[in-house]
1. How high is the relative contact order of the range 47-232, in percent, with contacts defined as C-alpha pairs under 8 Å that are six or more residues apart?
2. Can you compute the modelled spin-label distance between V121 and T218, with each label point 7 Å from Cα toward Cβ, in nm?
3. Using the Cα centre of the range 47-232 as the reference point, and only Cβ charges (+1 on K/R, -1 on D/E), how large is the resulting charge dipole? Debye, rounded to the nearest 20.
4. Evaluate the distance, in nm, between pseudo-label points positioned 7 Å from the Cα of N186 and of Q59 along their respective Cα→Cβ axes.
5. Which value, to two decimals, describes the C-alpha radius of gyration of the range 47-232 once divided by 2.2 N^0.38 Å?
6. Please report T172, T192 as a ranked list, fewest other C-beta atoms within 10 angstrom at the top and most at the bottom.
7. Neighbouring Cβ atoms within 10 Å as the yardstick, rank F37, F129 fewest first.
8. Which of the pairs K126/K193; K152/K193; K152/K179 have their Cα atoms more than 19 Å apart in this structure?
Amino acid sequence: GEDACLSSSIWYNNVPHPKLVEYKKDQNWVRKSGNYFVFPGGGTQFKAGVTRYIRFIEQIMPQIKWGTHARTVLDVGCGVASFGGYLLDRNVITMSIAPKDEHEAQIQFALERGIPAFLAVIGTQKLPFPDNSFDVIHCARCRVHWYADGGKPLLELNRVLRPGGYYIWSATPVYRRGKRDEDDWNAMVTLTKSICWRTVVKSKDINRIGVVIYQKPTSNSCYTERKNNEPPLCSGSNGHSPWIILSDGLLHWWAMYDLCHVKVAGYGDIGIR
């Protein structure tokens, strides 16, 4: 019969990608052990392991309460999906996304582990989820420029994040002070304020890895009270309408599902639902 294995290990022959073992050996993502790939729970931002990282998030933000308040998570830039894999033990279902085609092997690892995962370039077309789908969205060094193209990548996260939900961002702009990181951080500050996301906590773990947690508002009152209506609210949105991609290569919404656009200083076209 088949050998029993948990999401922490998979058959090597099912996903024979040994290069990732060598490439990520310093980050302890994955290692080969006999006939298996083993996933120790390491990661670029998980210097002390993903289990401790998950506990750290709950310590600095107790309201998250994995498995109670936070039951559905979108993990962007998931690597080999250790974050989602270990959250399964906390009664949390995580959808893992790799944002680049070159990460196909990582998605194969995730699927073989039994963790939902797929490739998606955020901001080019709508993610295949209704509005308000996730309690938490997580990005640990996911290398997505959230403020790019008028902030469309972050606005897409705003669409699928439920009201009152949390966005966890662990990346170098949060804790490093080089010019590029500071510019990225300042751009995020401007963009998150413009869509009424509240900075709930900003902290560093024992390895000096920084995390910032934002919260999406629970009502539209913040939007209507802004001094500048930028980006503008759209009325009549139906978050459960289907999406269609026509042959012209552009993503077209149904009439009741349009995205409002406006020129925002420093960003260009931007919009929120």
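1. Numbers: 320 pairs, mean separation 31.3, N = 186.
That works out to 17 percent.
2. Each label point is offset 7 Å from its Cα along the Cβ direction, giving 3.9 nm.
3. Values: 26 positive and 18 negative charges, 129 e Å.
Dipole size: approximately 620 debye.
4. 3.3 nm
5. Details: Rg = 15.8 Å, N = 186, 2.2 N^0.38 = 16.0 Å.
Normalised Rg, Cα atoms only: 0.99.
6. Values: T172 17, T192 22.
The most exposed by this proxy come first: T172, T192.
7. Values: F37 27, F129 15.
Going from sparsest to densest Cβ surroundings: F129, F37.
8. On the way: K126/K193 22 Å; K152/K193 15 Å; K152/K179 23 Å.
Correct reply: K126/K193; K152/K179.
Taken together, the values in this text are just the output of simple stated rules run on the coordinates, not laboratory data. Being a predicted model, the structure only gives us computed values, none of them experimental. All Cβ positions, glycine included, derive from the backbone under ideal geometry; neighbour counts span all protein chains shown.
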